[in-house]
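Trainee: Before we start, here is the structure in question, set down as structure tokens.
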Amino acid sequence: MTELRQRVAREPDAPPEDKELESEAKVDGETASDSESRVDAASLPPSADDTPEVLNRALSNLSSRWKNWWVRGILTLAMIAFFFIIIYLGPMVLMMIVMCVQIKCFHEIITIGYNVYHSYDLPWFRTLSWYFLLCVNYFFYGETVTDYFFTLVQREEPLRILSKYHRFISFTLYLTGFCMFVLSLVKKHYRLQFYMFGWTHVTLLIVVTQSHLVIHNLFEGMIWFIVPISCVICNDIMAYMFGFFFGRTPLIKLSPKKTWEGFIGGCFATVVFGLLLSYVMSGYRCFVCPVEYNNDTNSFTVDCEPSDLFRLQEYNIPGVIQSVIGWKTVRMYPFQIHSIALSTFASLIGPFGGFFASGFKRAFKIKDFANTIPGHGGIMDRFDCQYLMATFVNVYIASFIRGPNPSKLVQQFLTLRPDQQLHIFNTLKSHLIDKGMLTAAPEDE
């Protein structure tokens with residue numbers, strides 16, 4: 001913008017379009033620094049004390065530091081109890097909870113943008129934001145339904161048509177929203193409208209895409225859903241505990257209350273917790289078996305023969321450690337080794353999701369994303385690290401765990417034309433005969 005003004009100043013006879021562009025820029029939002037100062041000055045609602053009155057009365061004699069400690073502790077236990085309840089209710093309820101959390105996180109972030117820019121009266125901003133959320137969810141969940149409910153989709157004619165043209169329908173829906181945005185552009189608000197267009201899409205990338213990965217992890221087995229989430233929760237709790245009692249050295253300026261003592265203590269506690277939790281859960285089929293849809297009962301099933309990943313094996317202990325603990329071998333599940341990678345990421349890299357959220361909140365001078373949970377802020381305040389963790393787990397499974405899925409291959413095979421199926425059958429038969437796994441019939445020789 002500065003370069004434009006200098007060029008206009010040097011060229012008094014500048015073309016009319018340059019002068020129009022300059023005047024439009026002035027109306028649209030001054031300079032970048034002016035716009036930033038206006039955003040900083042925006043009157044965002046301050047965080048109110050939303051602590052339940054019962055707790056306020058019971059903890060009235062405590063200092064604010066210890067009062068906050070007790071409030072956070074009590075509500076953390078309540079949230080953990082709720083987490084156990086939804087696990088007990090099964091995978092379908094977990095998916096619904098993930099969906100609700102996603103919508104609430106999206107609402108909290110979009111609301112911040114609306115509170116910052118509401119004075120500009122941007123047309124269709126909230127309507128388009130929710131419309132794009134609907135479009136993206138339709139695309140992702142449509143893909144999931146096609147992958148995991150294939151036989152159900154093929155059985156119902158309307159679902160089969162929607163599945164066949166799913167991506168075209170998804171693109172058409174998005175294109176409609178895109179055209180609506182272009183038609184909503186107002187001359188004096190061009191730049192701010194594009195700000196909010198980008199704001200909405202980045203929010204969709206952070207929230208919707210990664211919540212979709214959470215559901216994909218759940219289909220691999222509930223253990224891939226529960227252990228990573230529990231490791232993040234454990235790291236959050238133990239880092240707070242170590243920091244509260246032993247914290248002396250500041251960790252990062254974005255979060256002044258975070259300390260090195262809490263960071264290191266939380267890391268060691270999380271790795272130990274991950275090993276113990278993985279050992280307990282690996283012994284139960286309901287946790288280790290992939291979540292699959294049973295066409296006969298029209299319900300989800302989690303019954304299977306556990307893979308080698310969840311069978312106890314004996315490992316030799318390095319000589320250096322043998323001299324310390326006196327053991328030569330140890331029996332453990334292979335998944336426990338993977339849990340070390342998961343818990344290490346949760347404790348070393350996961351907190352950077354929280355630091356990112358802290359920087360975002362500082363940019364807009366707010367303490368929390370919302371006041372949904374007393375002492376904890378909004379739902380997004382609790383899930384800022386979880387979304388980063390979900391992406392890592394999905395990438396980890398795809399890179400080191402998951403192999404070809406026979407059931408999906410069979411599903412795709414059954415959708416082919418008869419001549420294509422026969423060609424694949426003959427090719428597979430010849431391959432197995434060459435491998436010596438089948439004996440060639442006399443007529444085939």
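Trainee: State which residue is most open to solvent (accessible area, probe 1.4 Å) when the search covers only the stretch 310-342 and only residues that are of a type in the set (Lys, Arg) and within 21 Å of residue 273 (Cα to Cα). Please lay out each step first, then the result.
Mentor: Residues of the stretch 310-342 of a type in the set (Lys, Arg): 311, 328, 331.
Now narrow it down to the ones that are within 21 Å of residue 273 (Cα to Cα): 311, 331.
Details: 311: 95, 331: 137 Å².
Top of the filtered list is 331.
Trainee: Just to be sure I understand the filter: pairs with C-beta atoms under 9 Å, separated by 6 or more residues or on different chains, first member in the stretch 240-255 and touching a residue at least 12 places away in the same chain (Cβ under 8 Å), second member in a strand (DSSP E or B) and open to solvent by less than 60 Å² (accessible area, probe 1.4 Å). Which pairs pass?
Mentor: Listed by first residue and then by second, the contacts come to 242/259; 243/251; 243/259; 246/259; 247/259; 248/259; 249/259; 251/259.
Trainee: Evaluate the stretch 390-406: report whether one residue or more is modelled with pLDDT under 90, part of a helix (DSSP H, G or I) and basic (Lys, Arg).
Mentor: Checking the stretch 390-406: not a single residue is modelled with pLDDT under 90, part of a helix (DSSP H, G or I) and basic (Lys, Arg).
Trainee: From the list 119, 43, 47, 64, which residue is small (Gly, Ala, Ser) and modelled with pLDDT of 75 or more?
Mentor: Working: 119 fails: modelled with pLDDT of 75 or more; 43 fails: modelled with pLDDT of 75 or more; 47 fails: modelled with pLDDT of 75 or more.
Exactly one residue qualifies, and that residue is 64.
Trainee: Considering 103, 97, 80, 86, which residue is in contact (Cβ under 8 Å) with a residue 24 or more places away in the chain, of a type in the set (A, V, I, L, M) and open to solvent by less than 60 Å² (accessible area, probe 1.4 Å)? Write out each step before concluding.
Mentor: Details: 103 fails: open to solvent by less than 60 Å² (accessible area, probe 1.4 Å); 97 fails: in contact (Cβ under 8 Å) with a residue 24 or more places away in the chain; 86 fails: in contact (Cβ under 8 Å) with a residue 24 or more places away in the chain.
Residue meeting the stated conditions: 80.
Trainee: What's the number of the only condition in (1) farther than 30 Å from residue 109 by Cα; (2) touching an Asp or Glu at 6+ places or on another chain (Cβ under 8 Å); (3) at pLDDT 85 or above that residue 431 fails to meet?
Mentor: The single condition residue 431 does not satisfy is (2).
Trainee: In the stretch 287-309, which residues are surrounded by 16 or more Cβ atoms within 10 Å (Cβ to Cβ) and in a helix (DSSP H, G or I)?
Mentor: Once the filter is applied, which keeps residues that are surrounded by 16 or more Cβ atoms within 10 Å (Cβ to Cβ) and in a helix (DSSP H, G or I), the stretch 287-309 yields 287, 288, 309.
Trainee: Select from the stretch 238-257 the residues that are over 26 Å from residue 226 (Cβ atoms) and open to solvent by 30 Å² or more (accessible area, probe 1.4 Å) and list them in ascending order. It would help to see each step written out before you state the result.
Mentor: So in the stretch 238-257, the residues over 26 Å from residue 226 (Cβ atoms) come out as 244-257.
Listed by number, the residues that qualify are 245, 246, 248, 249, 250, 251, 252, 253, 254, 256, 257.
Trainee: Determine which single condition residue 371 fails, assuming it passes every other condition in (1) in contact (Cβ under 8 Å) with a residue 40 or more places away in the chain; (2) out of contact with any Gly (no Cβ under 8 Å at 6 or more places or on another chain); (3) assigned to a loop (DSSP other than H, G, I, E, B); (4) not acidic (Asp, Glu).
Mentor: Here residue 371 clears every test but (2).
Trainee: I'm trying to understand the selection: among the residues of the stretch 261-274, which are within 18 Å of residue 334 (Cα to Cα) and either open to solvent by 50 Å² or more (accessible area, probe 1.4 Å) or not in a helix (DSSP H, G or I) (or both)?
Mentor: 272, 273
Trainee: Which numbered condition trips up residue 382, out of (1) open to solvent by 50 Å² or more (accessible area, probe 1.4 Å); (2) under 22 Å from the mean Cα position of the chain (by Cα); (3) in contact (Cβ under 8 Å) with a residue 12 or more places away in the chain; (4) under 26 Å from residue 143 (Cβ atoms)?
Mentor: Among (1) open to solvent by 50 Å² or more (accessible area, probe 1.4 Å); (2) under 22 Å from the mean Cα position of the chain (by Cα); (3) in contact (Cβ under 8 Å) with a residue 12 or more places away in the chain; (4) under 26 Å from residue 143 (Cβ atoms), residue 382 violates only (4).
Trainee: Which residue pairs have Cβ atoms closer than 8 Å, lie 6 or more positions apart in sequence or on different chains, and pair a first residue in the stretch 118-142 that is of a type in the set (A, V, I, L, M, F, W, C) with a second residue that is open to solvent by 90 Å² or more (accessible area, probe 1.4 Å) and assigned to a helix (DSSP H, G or I)?
Mentor: Here the result reads 139/167, each pair linking the stretch 118-142 to a residue that is open to solvent by 90 Å² or more (accessible area, probe 1.4 Å) and assigned to a helix (DSSP H, G or I).
Trainee: I'd like to check something: does the stretch 355-371 contain any residue that is surrounded by 15 or more Cβ atoms within 10 Å (Cβ to Cβ), closer than 30 Å to residue 147 by Cβ and modelled with pLDDT of 85 or more?
Mentor: no
The values are calculated or read from the model by the stated rules, or taken from the named source; none is laboratory data. Everything numeric here is computed off the predicted structure, so don't read it as measured data. FYI the Cβ positions are ideal-geometry reconstructions off the backbone, even for glycines, and counts take in every protein chain you see. Keep in mind that these areas ignore ligands, DNA and RNA; they rest on the heavy atoms of the full protein, side chains included. Shrake-Rupley method; radii C 1.70, N 1.55, O 1.52, S 1.80 Å.
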